[in-house]
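To start, the structure under review is shown below, and the notes come after it.
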Amino acid sequence: MKKGTFNLLLFAIVMIFGCTNLPMKNDPNFDPNVESPFYKKGRSPKILIDGGHKNAFIDYDLIQPFIKVARSDGYTVDISKGIVTSDLLLNINIFVIITANSFKWGKQAEISENDEVFTSKEIEIIYNWVNQGGSLLVFSEHAPFDKAINPLLQKFNINSSIGVIIDTVHYDKDYGFGSPKFSIENGLLNDSHQIVNGMREGEKVDEIITFGGSALKGESFTNILKLSQHSLNVRHPFGGPSGYGDSQCLAGFVGKGRIVAFGDSNGFTAMQMQDGNGNTQAIGMNTVGYNWKQFVLNTLHWLSQNNQTL
């Protein structure tokens with residue numbers, strides 16, 4: 001088994017069984033500073049991160065690198081608690097939903113048919129908010145997060161596969177099949193979109209990898225990270241495989257609003273992951289050779305165009 005594939009499975013297994021000595025942590029050497037902030041003080045778009053639905057990255061504080069990067073770029077960032085209401089989303093520019101689940105990591109492995117993450121009322125509120133001009137950044141993941149978020153995604157005519165995505169040809173050799181590679185060179189990174197090209201000189205992203213996750217399908221959206229014909233949806237220890245998509249990032253418009261959906265959430269972190277042999281790999285914005293940090297910034301910039309004057 002490839003070292004990186006082992007690490008990703010170890011991450012899932014340890015997390016699900018509630019070990020307090022997690023094999024991943026925020027990289028203390030990651031630099032979240034943005035040299036040329038996109039927004040000036042006093043004109044900051046407001047980002048609200050959902051923290052009311054047993055979100056693993058919030059519970060384990062792995063969202064901190066993203067928060068620091070966004071704040072350095074000029075955004076105001078807060079984390080919510082409790083359910084989603086219309087009042088909660090008032091005056092919010094970007095709502096982020098990442099690693100939402102029906103149970104806290106470590107309590108169980110599978111989502112039952114009766115488990116509910118977002119209520120039908122919450123889903124309706126989120127959809128209406130986007131339709132009226134809000135911007136949603138939402139993440140699926142490997143099982144069981146994919147199954148947990150699917151009801152919300154489906155409201156926006158997006159579907160997530162259940163399981164975990166690999167690519168047997170286009171992948172990073174140091175990370176294994178579970179790290180699909182998307183580049184301008186291999187044709188899987190869509191450089192016709194602003195999320196890839198950026199809005200200013202020097203912001204273009206040429207190549208990134210993901211770290212497993214799920215496959216998305218949404219015909220009315222632009223496919224930013226195109227899965228190749230060599231990609232497969234395989235069984236994850238906690239679900240699948242079922243369904244299949246052609247993307248790990250979709251972007252588009254819903255009414256007056258915008259949405260970006262990712263099939264993998266790890267690019268928005270900056271983790272160090274360690275296996276039992278003491279080997280450490282960087283996962284996320286700290287991964288050498290792939291400018292995930294700029295990709296994150298480009299994503300926020302595209303979303304915040306919708307309702308914020310630069």
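The values are calculated or read from the model by the stated rules, or taken from the named source; none is laboratory data. Owing to the predicted nature of the structure, the values given are computational and were not obtained by experimental measurement. Using ideal geometry, Cβ is built from the backbone for each residue, glycine included, and neighbour counts are taken over all protein chains shown. Areas reflect the complete protein model, heavy atoms only, side chains present, ligands, DNA and RNA absent. Shrake-Rupley method; radii C 1.70, N 1.55, O 1.52, S 1.80 Å.
Details
- Fluctuation leader among Asn286, Asn266, Asn157 - the chain, Gaussian network, Cα springs under 10 angstrom: Asn157
- DSSP-assigned coil residues among GluC sites (Glu not before Pro) in region 141-210, each with at most 11 further Cβ atoms within 10 Å: Glu185, Glu201
- Taking the chain and dividing mean pair separation by its residue count, relative contact order in percent (alpha carbons under 8 Å, at least six apart): 21
- Residues in region 202-219 carry Karplus couplings, in order, of x, 9, 5, 9, 9, 6, 9, 10, 10, 10, x, x, 10, 9, 10, 9, x, 5 Hz; the curve used is 6.51 cos²θ - 1.76 cosθ + 1.60 with θ = phi - 60°, and Gly or Pro positions show x.
- The orientation-averaged projection of the convex hull spanning the C-alpha atoms of region 218-262 amounts to 3.9 square nanometres.
- Excluding ligands, DNA and RNA, the accessible surface per residue across region 22-66 is 50 Å² with a 1.4 Å probe.
- Exposure of His142 as accessible area (Å², to 10), given a probe of 1.4 Å and all protein chains: 10
- Of the three principal axes defined by the Cα atoms of the chain, the extents in descending order read 49, 46, 37 Å.
- Tyr39 - accessible surface, heavy atoms, 1.4 Å probe, Å² rounded to 10: 10
- What the Cα atoms of region 163-310 give is an Rg and a Dmax of 15.4, 51 Å.
- Where labels lie 7 Å past Cα in the beta-carbon direction, separation of Lys81 and Lys104 in nm: 1.3
- Mean projected area in nm² (Cα convex hull; one quarter of hull surface) for region 56-205: 11.4
- Spacing of the two label points (7 Å from each Cα toward its C-beta) at Ser242 and Glu185, in nm: 3.9
- With all protein chains modelled, accessible area of Val34 [1.4 Å, Å²]: 20
- Helix-only CD estimate at 222 nm, as mean residue ellipticity for the chain, using -39500 (n - 2.57) per DSSP H run (n ≥ 4): -6000 deg cm²/dmol
- Heavy-atom accessible surface of region 153-310: percent carbon and sulfur, 1.4 Å: 44
- Probe 1.4 Å, protein heavy atoms only - accessible area per residue of region 113-183 in square angstrom: 37
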